[in-house]
Amino acid sequence: MWRPRGAGRTSSWRGDDVSRPWAVSAIATVAALGLVEAGFRVAGVPAFHPEDLITEVDAFRIVRHRSGLRLHGRPWGVAITTNRLGFRGREIATEKPAGTYRVVALGDSSTFGACVGDDDTFCAQAERILNGGTAAGGRRFEVVNTGVFGYGTLQGLRMLRRMVLPLKPDCIVVSFAVNDSTEGGSLRDFLGRRSPDSETSSPVLVAVRNALWNHSNFCRWVLRDALKPLWESRLERLRAGGVRAGWVPGTSGDYRESLAEIVRTARDNGVAVVFLPVPPRLKHTQYPLYEINYAVVNRRAAFDALEYMKGVIAGADTREQKSTMWFAVARLKEGMRDTRGALDAYLTAMSLSDASVDFRWGAYTFANVMAALAGEERVPLVNVLPEFYRRELTGNPPTLYADAYHPGPLGHEIIARALAAAIRDLAARTGRSGPRKGGMIVP
C-alpha cells in the first residue's frame, strides 16, 4: 500500500517534522528578542549611565575601559578615544622611548575626564604644558591617563601592579578619594572581590557577556537592573558569612592602608609618587543647614552671631557638631561677603565631616587622609581644592565643573597647571634630593 513519504513517522534524527518546530521556535525567539531590543531603543533606553558606553568587565570581574574606542557623539558630545590598552587618548609604546619622562595617572572618572574631550583632560593639558617651549630642557614628557570610572584605591593598586609597572613609569599620580568614600563604587563591580585575583571567569564567558553588554540595550538592562537584586542578595549572604565580597570601602583607615600600599609598591619599583585629590563640587551638597540663607542686614548682629557660633564650637562634644557649626559659620561669612573667611570655614567644616553626611564631603575627609599621608611619606601633594572652592564662591564659572562631581574644562586646566609644575619640579629633583614634603589640606 502506498503511503506518502515520511507518513507514520514519530521521530527521526533527520526528519523535517521534528526539526521544523525547533527552527520555528528559534526564529520566533530571535524575532521576539529583536522586537524587544527595538522597543528598548525606540523608547530611548540606551546606556543607563554614560560610562556604560565606555566600560566592560575583565576575567577578574573588575570594570575596565573598552579598547579602541572612537566616540564623538554620545555620551557627552565630545571626542572620547581609548587605545589598545583601554587608556584614554592616543596609542603609547609599551617600551618607554629613550629620553622620555613617563608619568602615569591612576584615578577614577575625574582623571579619565568625564564630560570633557580627549584634548581637555588634565593629563593631556599637563603633557602639553610640560613639553611646551624650552622648559622641558630637551627631555620629553609623556602623561598617560589610566583613570577608570568607579575606581578606588583597591582597583588602582591592581591597575598599578598589572598594567602600569610594565610601562616602566618614572612617576605615578594617585588621584582617589570620591569612590573610596562611598558604598559600592561602580555597580559593575558587583562580583569583584577585595582580593580580585582569587576568582576568575572563563574568557569565553567574559567575551560573550561584554558583547551583550556593549551592543544590546535589552541585555544591558537585564544585567544591570533586572539581575541587580540577585547580585545584592548574594553579596549580603557572603558578607553575613564574614567574606569581604564586593567593593566595601570600609573606613578611612582602609583607604589610608591602600594608599600606603600604592606608595610602597611604586617606590619598591623605583617609581616616584605624586598625590592629587580632585575636589568634588562644594555647593549643591545635602549637608545640614545648606538651605539656610543668611541675609546679613546688620553687620553688628552678624559679628555677634559669629562669636556665639565660636562659643558653641568650643563646647561641642563631637566632630559632627563642630562640622555643622563651622558650616553655619561659612554660610554666615558668605552672607557677609567675606570670601576668604567663608572658604576657610568651609574647609574646616569639611575636614571634620565624614561620608555619613554627604559623600562629596566625605570625599574631602578622605582627601585629608591623603594629605596627611603625603606629609608622613614625603609625597608631593598637588592641592587644588582651595583654588576650586575660591572660584566657586566668587564667580562660579560654568566650566569649572561639569556636574556635581566632575571638573569641567576650566577645572581640568587648573589641575593641569598645578600638576605640570609638580611633575617638572619632581623630575628636576630626581637623583639629587627627595621630593617636596606634603601637607594637610585644611587651613
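Collect residues whose amide H, placed 1.01 Å from N in the peptide plane, falls under 5 Å from the amide H of residue 143; neighbours closer than 5 in sequence don't count.
103
If we sort 153-162, 301-310, 334-343 on the protection proxy, mean other Cβ atoms within 10 Å, highest first, what's the order? Please list the in-between numbers first.
Working: 153-162: 21.5, 301-310: 13.3, 334-343: 16.3.
Per-residue Cβ counts within 10 Å, averaged per peptide and sorted highest first, yield 153-162, 334-343, 301-310.
Taking θ as phi - 60°, what are the ³J(HN,Hα) couplings along the range 167-173 by the Karplus curve (6.51, -1.76, 1.60), each to the nearest whole Hz, with x for Gly and Pro?
In residue order, the calculated couplings are 7, 6, x, 8, 8, 10, 10 Hz.
Can you compute 3J(HN,Hα) from phi for each residue in the range 329-345, using the Karplus curve 6.51 cos²θ - 1.76 cosθ + 1.60 with θ = phi - 60°, rounded to whole Hz and x for Gly and Pro?
4, 4, 4, 5, 5, 4, x, 7, 6, 9, 4, 5, x, 5, 4, 4, 5
Can you list the residues, at least 5 places off or on another chain, whose amide H is less than 5 Å from the amide H of residue 172, using H built in the peptide plane?
Counting only residues 5 or more places away or on other chains, the set is 104, 272, 273, 274.
Computed from the coordinates by the stated procedures, all read-outs in this text should not be read as laboratory data. No experiment lies behind these values; they were computed from the predicted model shown. Virtual Cβ from ideal backbone geometry, glycine too; neighbours counted across all protein chains shown.
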